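The values are calculated or read from the model by the stated rules, or taken from the named source; none is laboratory data. The structure presented is a predicted model; accordingly, all values stated were derived computationally and were not measured. Heads up: the accessible areas ignore ligands, DNA and RNA and are worked out on the full protein's heavy atoms, side chains in. Shrake-Rupley method; radii C 1.70, N 1.55, O 1.52, S 1.80 Å.
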Amino acid sequence: MEERKQTAEVLPQWYGKMLSSPILLLLFVVAVFLASPLLLVYGALSPLFRR
């Protein structure tokens, strides 16, 4: 039990809130799935637009 309490203190507060709410967890997963391809395309194309 002591181990679990120590681990919970290490995690950020927003992370604990997100895990306790199914709606927030679903929104986080959707945001990650939407942001990943955008970041991939941006990372691939950004060198083309540098001077």
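From the square roots a ≥ b ≥ c of the eigenvalues of the alpha-carbon gyration tensor of the range 5-46, which class results: rounded (a/c under 1.5), prolate (a/b over b/c), or oblate?
Note, shape of the range 5-46 comes out oblate.
Quick one: accessible area per residue over the range 10-51, 1.4 Å probe, rounded to a whole number of Å²?
96
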